[in-house]
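First the structure, in the form of structure tokens, and then the observations on it.
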Amino acid sequence: MKLILLGPPGAGKGTQAQRLVEKHGIPQLSTGDMLRAAVKAGTEVGRRAKAVMDAGELVSDEIVNAIVAERIDQPDCKKGFILDGYPRTLVQADSVEKMLAERGLKLDMVIELVVDDKALVGRIVKRAEEAAAAGQPVRKDDNPEVFEERLREYYKKTAPLIGYYYAKGLLKGVDGMASIDDVTTQIEALLAANK
Ligand code: B4P
């Protein structure tokens, strides 16, 4: 199973990807997590990505494409993977298609999590408050000001992927406004219907 989870920031891509990992035993390839790990480790990629992420903008296609290409060659990706938060631009979409074709693979499905903007900002603020209350680090980009920029970037650069994948017959939408469990049920139904 090769799956893309698509949607605006805070739509629940990471949340649903984790559940898919548990149920299907394939890895979650989250470019957000990979970039945050690089920032934490202080690598060259992390140094280049940090300011961009903190400002709510998208990291360069070149950096992101390179980290994903390296990751999908790991042995745990043999059975499939969930691309969470990647691709986020048309250049990245083109790159993933080439990456898969070079390896004799193709995408099975692109699942769009549809959530309205007001709910998104509420989720992000809640996540920041919960992390702070638990004494955990709060993501620098989880605040309303930076979130506005993340959303602008989404509409400008990522939303065009919806039409792109629709035209390829790969796009399926789920109601991301539903509860986390309901969203999981909708996704599982799509996967079962695609078998
Ligand atoms: P990501 O880490 O991908 O962050 P995200 O869009 O906020 O996450 P997601 O949609 O997964 O939301 P989540 O499940 O956590 O990206 C962060 C940054 O990294 C980007 O801004 C960019 O700078 C950089 N980046 C990453 N990928 C890149 C790429 N390909 N190219 C360039 N730059 C890239 O859910 C959010 C919250 O909502 C959680 O608290 C969750 O509990 C809650 N929630 C989830 N589902 C819910 C539901 N159904 N109901 C109620 N709450 C829900």
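I need the full set of residues from the range 74-107 which are surrounded by 14 or more Cβ atoms within 10 Å (Cβ to Cβ) and assigned to a helix (DSSP H, G or I), in order please.
Cys77, Leu90, Val91, Gln92, Ala93, Asp94, Ser95, Val96, Glu97, Met99, Leu100 - these are the residues of the range 74-107 that are surrounded by 14 or more Cβ atoms within 10 Å (Cβ to Cβ) and assigned to a helix (DSSP H, G or I).
Do we find a residue being among the hydrophobic types (A, V, I, L, M, F, W, C) and within 21 Å of Lys106 (Cβ to Cβ) anywhere in the range 27-43? If you could, list the steps in order and put the result at the bottom.
So the first thing to find is which residues in the range 27-43 are among the hydrophobic types (A, V, I, L, M, F, W, C), and the list is 29, 34-35, 37-39, 41.
Now restrict to residues that are within 21 Å of Lys106 (Cβ to Cβ): 29.
Within the range 27-43, one or more residues are among the hydrophobic types (A, V, I, L, M, F, W, C) and within 21 Å of Lys106 (Cβ to Cβ).
Identify all residues within the range 155-185 that are exposed (fewer than 13 other Cβ atoms within 10 Å of the Cβ) and outside any helix (DSSP H, G or I); write none if there are none.
Residues satisfying the conditions are Lys168, Gly169, Asp175, Ser179.
When you go through Val110, Val121 one by one, which is the residue that is in contact with a Phe, Trp or Tyr (Cβ under 6 Å, 6 or more places away or on another chain) and surrounded by fewer than 20 Cβ atoms within 10 Å (Cβ to Cβ)? Step through it out loud before you land on a result.
Numbers: Val110 fails: surrounded by fewer than 20 Cβ atoms within 10 Å (Cβ to Cβ).
It is Val121.
Of the residues Arg36, Arg71, which is under 17 Å from the mean Cα position of the chain (by Cα), under 23 Å from Pro144 (Cβ atoms) and surrounded by 16 or more Cβ atoms within 10 Å (Cβ to Cβ)? Write out each step before concluding.
Working: Arg71 fails: under 23 Å from Pro144 (Cβ atoms).
Arg36 is the lone residue from the list that is under 17 Å from the mean Cα position of the chain (by Cα), under 23 Å from Pro144 (Cβ atoms) and surrounded by 16 or more Cβ atoms within 10 Å (Cβ to Cβ).
Any residue at all in the range 167-174 that is within 11 Å of the ligand (Cβ to nearest atom), within 21 Å of Thr15 (Cβ to Cβ) and free of Cβ contacts under 8 Å to residues at least 24 places away in the same chain?
Checking the range 167-174: not a single residue is within 11 Å of the ligand (Cβ to nearest atom), within 21 Å of Thr15 (Cβ to Cβ) and free of Cβ contacts under 8 Å to residues at least 24 places away in the same chain.
Asp141 - would you say it is in contact (Cβ under 8 Å) with a residue 24 or more places away in the chain, of a type in the set (Asp, Glu) and near the ligand (Cβ under 10 Å from one of its atoms)?
Answer is yes for this residue.
Scanning the range 1-27 for residues that are surrounded by 21 or more Cβ atoms within 10 Å (Cβ to Cβ) and part of a strand (DSSP E or B), which turns out nearest to the ligand (Cβ to nearest atom)?
Leu5
Scan Glu145, Glu129 and give me the residue that is at pLDDT 95 or above, part of a helix (DSSP H, G or I) and more than 19 Å from the chain's Cα centre (by Cα). Outline the logic, then answer.
Values: Glu145 fails: at pLDDT 95 or above.
The unique qualifying residue is Glu129.
Taking the criterion of being charged (D, E, K, R), crowded, with 16+ Cβ neighbours inside 10 Å and in contact with a Pro (Cβ under 6 Å, 6 or more places away or on another chain), would at least one residue in the range 147-154 satisfy it?
Yes.
The values are calculated or read from the model by the stated rules, or taken from the named source; none is laboratory data. Worth saying up front: this structure is predicted, and the values here are computed from it rather than measured. Virtual Cβ from ideal backbone geometry, glycine too; neighbours counted across all protein chains shown.
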